[in-house]
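Right, one structure below, let's go through it.
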Amino acid sequence: MHMAKKKKPEKKPSEPEEEETYTLDIEEEAAPEKPPQDESGGLKMLAIGILAILAIAFAYFFLNMSSFMFVAGEGVEEQEFKDIFSSAENIFVVMDVRGLPNGSTKQNILQCGVDFSGSSGMAGKNVMYYSLDDEGCITPDGLTENRYCFEQLENGITIYVTEGTRTTLHENGMVVGIGSDYAIGTCGIHRK
């Protein structure tokens, strides 16, 4: 028996061969979820902005305030203050009565300044007296701006007499608190 072979169909040169394609379906990775938007993020930025503005305003305020008030330095013990005072050439006695409604307290602050001027501890020192009131700073040369008087304080030790109840000692001077009750002659620095 003769078996006939099946002939494979011949390829025609004009027909392009079809390529077999295989497809493989792969699940896509889920994109990472974005954390939920913090709705207060804008508020946080606003709060930070406000805090920055306040910090700048406070810095400006305190830097300029030194032009209008005595800024007491670091506190010191009595003996250290005596040493600082002894070696100082320039002493500034500042009597601050700005904004005080009580007439007796004003008078007592001024009297305390006068009492300092007559005390024996001032002998041999270059002493300047300034009185601050609501109109400005009164110096031996007359009325001037407060800023001028406070700028001078950097050149020596300051005895700052103001309304208060206690006296504190500092590396750059002393703050003397005076009230409506004052015994004349109790302000002073005396040599022994």
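The values are calculated or read from the model by the stated rules, or taken from the named source; none is laboratory data. Fair warning: this is a prediction, and the values are worked out from it, not measured in the lab. Positions of Cβ are backbone-derived with ideal geometry, glycine not excepted, and every protein chain shown enters the neighbour counts. Ligands, DNA and RNA are excluded from the accessible area calculation, which covers all protein heavy atoms including side chains. Shrake-Rupley method; radii C 1.70, N 1.55, O 1.52, S 1.80 Å.
Sort out which residues of the range 167-192 are without any contact (Cβ under 8 Å) to a residue 24 or more places away in the chain and closer than 15 Å to Met95 by Cα, and write them in order of number.
Thr167, Gly177
Checking the structure you have, find out if any residue of the range 129-137 is open to solvent by 30 Å² or more (accessible area, probe 1.4 Å), under 28 Å from Glu77 (Cα atoms) and more than 25 Å from the chain's Cα centre (by Cα).
Checking the range 129-137: at least one residue is open to solvent by 30 Å² or more (accessible area, probe 1.4 Å), under 28 Å from Glu77 (Cα atoms) and more than 25 Å from the chain's Cα centre (by Cα).
I'd like to check something: does the range 158-175 contain any residue that is touching a Leu at 6+ places or on another chain (Cβ under 9 Å) and among the small types (Gly, Ala, Ser)?
Yes, some residue in the range 158-175 is touching a Leu at 6+ places or on another chain (Cβ under 9 Å) and among the small types (Gly, Ala, Ser).
It is to be established whether one or more residues within the range 168-187 are on the phi < 0 side of the Ramachandran plot, open to solvent by 20 Å² or more (accessible area, probe 1.4 Å), among the aromatic types (Phe, Trp, Tyr) and touching a strand residue (DSSP E or B) at 6+ places or on another chain (Cβ under 8 Å).
no
What about Asn146, is it open to solvent by less than 50 Å² (accessible area, probe 1.4 Å), among the polar types (S, T, N, Q) and closer than 20 Å to Gln79 by Cα?
So Asn146 does not fit the description; no.
For the range 98-128, give me each residue that is in contact with an Asp or Glu (Cβ under 8 Å, 6 or more places away or on another chain) and open to solvent by less than 10 Å² (accessible area, probe 1.4 Å).
Result: Thr105, Ile109.
Can you name the residue in the range 73-83 that is touching a residue at least 24 places away in the same chain (Cβ under 8 Å) and out of contact with any Leu (no Cβ under 9 Å at 6 or more places or on another chain) and, of all such residues, is surrounded by the fewest Cβ atoms within 10 Å (Cβ to Cβ)?
Glu74
Scan the range 71-92 and give yes if some residue there is in contact with a Phe, Trp or Tyr (Cβ under 6 Å, 6 or more places away or on another chain) and over 19 Å from His190 (Cβ atoms), otherwise no.
Scanning the range 71-92, I find no residue that is in contact with a Phe, Trp or Tyr (Cβ under 6 Å, 6 or more places away or on another chain) and over 19 Å from His190 (Cβ atoms), so the answer is no.
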